[in-house]
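Chemist: Handing you this structure, nothing more for now.
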Amino acid sequence: MRITDLRCVLLGQSPVVRIVTDAGIDGFAQAETWKPFLVPNILALREMLLGEDPTDVARCMSRIRHRGGFKPWGATVSTVEIALWDIAGKAAGLPVHKLLGGKLRDRVRVYNGARRTPLTRFTPEDYAADCRAMRACGEGFTIVKQPIGFHSAMHRDQPGFYYGDPMPLPRHGTHDRGLLTERGLTHMVDCVVAMKEALGDEVGLALDCGPGWTVPDAIRFARAVEPMNLLWLEDLLTGDYSPSVDADHYREVTTRTTTPIHTGEQIYLRQNFRPLIESKAVNVIGPDPGDVGGLAELKWIAEHADLHGLLIAPHGTANGLLGLAALVQVCATLPGNFIAFEYPIGDPDWWYDIVDGLPERIVVDGHVEVGNRPGLGVDLIPEKAIRHLSPKDDGFFD
């Protein structure tokens with residue numbers, strides 16, 4: 001079997017990859033939503049992969065791995081890697097988790113990720129109401145994650161929140177940053193108290209915090225919420241689109257509190273996780289398979305973290321339904337340090353009409369069942385998906 005073409009188009013706002021082979025077996029994968037600028041970068045990998053055997057995933061990756069980087073550029077390579085595993089599984093007639101060593105669990109725990117109706121106000125009452133709504137939803141999530149601080153509009157919505165001025169045009173890749181005021185710190189603690197009262201002790205609470213915090217503020221806040229038994233504080237210092245790791249800064253925070261500290265969604269490749277893992281700079285890592293280099297890369301990192309006593313809760317908010325399928329496959333194989341992964345949704349809703357292979361109820365009691373269909377376990381339905389392509393991309397499924 002040989003690769004005869006690599007195609008990439010925008011399906012909605014998601015770059016979708018199709019790897020074509022001479023055996024009539026194709027592989028598909030989806031990059032994170034809102035990364036349309038990646039399409040030409042992905043197409044630039046075509047010449048390096050033509051003629052290669054797609055089931056030799058490691059060999060193919062050795063040819064293109066150098067073309068990735070910290071988020072968002074790691075998605076260029078990661079999306080192709082996931083499509084290669086889709087082909088390898090289909091060719092073998094096996095789900096990808098069998099090729100990654102087999103599953104350790106029959107269902108995978110997820111926590112709420114992408115939101116249909118984002119928070120627009122950031123008072124304790126608003127957070128409490130949102131937590132009650134998520135606790136009451138039909139999916140039965142056992143873990144809820146909420147945006148707070150610089151990972152929300154809280155620092156703009158609350159007067160006197162920090163000693164700084166918000167950037168005029170906030171967008172992915174730019175982050176507001178600064179020292180918190182006493183008022184700002186107290187407000188966040190009050191919000192956490194309200195959320196915990198709404199969730200009780202049956203639903204765990206994690207917070208997505210930044211990046212943007214100073215080290216002293218991170219320590220003060222982590223200590224202030226210690227009695228509330230949070231699952232983790234995520235991306236306080238770096239994260240999201242940060243081009244760095246800053247393991248030494250994270251270690252200073254982690255060693256000064258009992259509240260678990262989490263980061264890692266922006267990091268590309270195992271080598272760049274070594275400082276976090278080997279110095280035990282955090283308690284929980286959160287690589288995204290769509291940014292870190294793919295499924296095999298994420299599994300290696302999870303196992304290395306397990307050897308060093310770290311937990312893993314993979315990122316995946318906007319990876320879409322193909323990304324959801326990929327996360328289920330790899331997370332089924334992770335060691336016992338796995339907590340849960342961030343649940344992606346189909347956005348827009350028509351994604352649920354163009355993907356075959358998902359159960360009618362995807363999340364039951366906070367878990368997704370691990371299926372046994374070949375490859376990633378899902379397929380795009382060409383005659384339905386083509387309606388959402390631009391005219392210039394009509395040949396994507398030919």
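The values are calculated or read from the model by the stated rules, or taken from the named source; none is laboratory data. All figures in this text were calculated on a predicted structure; none of them were measured in a lab. Reconstructed Cβ throughout: ideal geometry from the backbone, glycine too, with neighbour counts over all protein chains shown.
Chemist: For segment 255-271, what are the residues that are in contact with an Asp or Glu (Cβ under 7 Å, 6 or more places away or on another chain) and not aliphatic (A, V, I, L, M)?
Modeler: 257, 258, 259, 262, 263, 265, 266, 268, 270, listed by residue number.
Chemist: Quick check on this structure: which one of 9, 20 is touching a Phe, Trp or Tyr at 6+ places or on another chain (Cβ under 8 Å) and among the aliphatic types (A, V, I, L, M)?
Modeler: 9 is the lone residue from the list that is touching a Phe, Trp or Tyr at 6+ places or on another chain (Cβ under 8 Å) and among the aliphatic types (A, V, I, L, M).
Chemist: Answer yes or no as to whether residue 163 is surrounded by fewer than 16 Cβ atoms within 10 Å (Cβ to Cβ) and in contact with a Gly (Cβ under 7 Å, 6 or more places away or on another chain).
Modeler: For residue 163, the condition - surrounded by fewer than 16 Cβ atoms within 10 Å (Cβ to Cβ) and in contact with a Gly (Cβ under 7 Å, 6 or more places away or on another chain) - is met.
Chemist: Criterion first (out of contact with any helix residue (DSSP H, G or I) (no Cβ under 8 Å at 6 or more places or on another chain) and buried (at least 17 other Cβ atoms within 10 Å of the Cβ)) does residue 339 satisfy it?
Modeler: Yes: the conditions hold for residue 339.
Chemist: Scan segment 1-20 for residues that are more than 20 Å from residue 357 (Cβ to Cβ) and of a type outside the set (A, V, I, L, M, F, W, C) and report the count.
Modeler: Counting residues in segment 1-20 that are more than 20 Å from residue 357 (Cβ to Cβ) and of a type outside the set (A, V, I, L, M, F, W, C) gives 6.
Rundown of residues vs (1) buried (at least 17 other Cβ atoms within 10 Å of the Cβ); (2) closer than 16 Å to residue 111 by Cβ; (3) free of Cβ contacts under 8 Å to residues at least 24 places away in the same chain; (4) assigned by TED's automatic domain parsing to the domain that holds residue 233, yes/no style:
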{"residue": "122", "(1), (2), (3), (4)": "yes, no, no, yes"}
{"residue": "132", "(1), (2), (3), (4)": "no, no, no, yes"}
{"residue": "143", "(1), (2), (3), (4)": "yes, yes, no, yes"}
{"residue": "156", "(1), (2), (3), (4)": "no, no, yes, yes"}
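Chemist: Considering only segment 1-109, give the helices (runs of 4 or more DSSP H) lying wholly within it that have at least 1 residues that are out of contact with any helix residue (DSSP H, G or I) (no Cβ under 8 Å at 6 or more places or on another chain) and farther than 22 Å from residue 264 by Cα. Full working, then the answer.
Modeler: Values: elements: 39-43, 46-49, 57-64, 74-92, 96-99.
Hits in segment 1-109: 39-43, 46-49, 57-64, 74-92.
Chemist: Would you mind listing the helices (runs of 4 or more DSSP H) fully within segment 291-398 where at least 2 residues are under 20 Å from the mean Cα position of the chain (by Cα)?
Modeler: Fully inside segment 291-398 and qualifying: 295-307, 320-331, 351-354.
Chemist: Pull out all pairs, ordered by first then second residue, where Cβ-Cβ is under 6 Å, the residues are six or more apart or on different chains, the first lies in segment 53-77 and is at negative phi and among the hydroxyl-bearing types (Ser, Thr, Tyr), and the second is assigned to a helix (DSSP H, G or I) and surrounded by 18 or more Cβ atoms within 10 Å (Cβ to Cβ).
Modeler: 55/88; 55/91; 76/38; 76/41; 76/42
Chemist: For segment 110-121, name all the residues that are part of a loop (DSSP other than H, G, I, E, B) and among the aliphatic types (A, V, I, L, M).
Modeler: If the condition is that a residue be part of a loop (DSSP other than H, G, I, E, B) and among the aliphatic types (A, V, I, L, M), then 114, 119 are the ones that fit.
Chemist: Also, quick follow-up: With the checklist (1) closer than 20 Å to residue 141 by Cα; (2) surrounded by 19 or more Cβ atoms within 10 Å (Cβ to Cβ) in hand, flag the one item residue 358 doesn't pass.
Modeler: (2)
Chemist: Another question about this same structure. Test of understanding: among 306, 353, which residue is in contact with a helix residue (DSSP H, G or I) (Cβ under 8 Å, 6 or more places away or on another chain) and free of Cβ contacts under 8 Å to residues at least 60 places away in the same chain?
Modeler: Going through 306, 353 in turn, just one is in contact with a helix residue (DSSP H, G or I) (Cβ under 8 Å, 6 or more places away or on another chain) and free of Cβ contacts under 8 Å to residues at least 60 places away in the same chain: 353.
Chemist: If you don't mind, there's one more thing I want to ask. Any residue that is closer than 16 Å to residue 207 by Cβ and not polar (S, T, N, Q) - is there at least one of those in segment 93-114?
Modeler: Looking through segment 93-114, at least one residue is closer than 16 Å to residue 207 by Cβ and not polar (S, T, N, Q).
Chemist: Could you tell me which residue of segment 10-37 is nearest to residue 288 (Cα to Cα), considering only residues that are surrounded by 21 or more Cβ atoms within 10 Å (Cβ to Cβ) and of a type in the set (A, V, I, L, M, F, W, C)?
Modeler: 31
Chemist: If you scan segment 300-319, which residues turn out to be touching a Phe, Trp or Tyr at 6+ places or on another chain (Cβ under 9 Å), surrounded by 24 or more Cβ atoms within 10 Å (Cβ to Cβ) and at pLDDT below 95?
Modeler: 316
Chemist: Kindly indicate whether residue 77 is assigned by TED's automatic domain parsing to the domain that holds residue 267, crowded, with 22+ Cβ neighbours inside 10 Å, modelled with pLDDT of 95 or more and of a type outside the set (Phe, Trp, Tyr).
Modeler: no
Chemist: Kindly check whether there is at least one residue in segment 45-61 that is touching a Lys or Arg at 6+ places or on another chain (Cβ under 9 Å), of a type in the set (S, T, N, Q) and more than 21 Å from residue 355 (Cβ to Cβ).
Modeler: no
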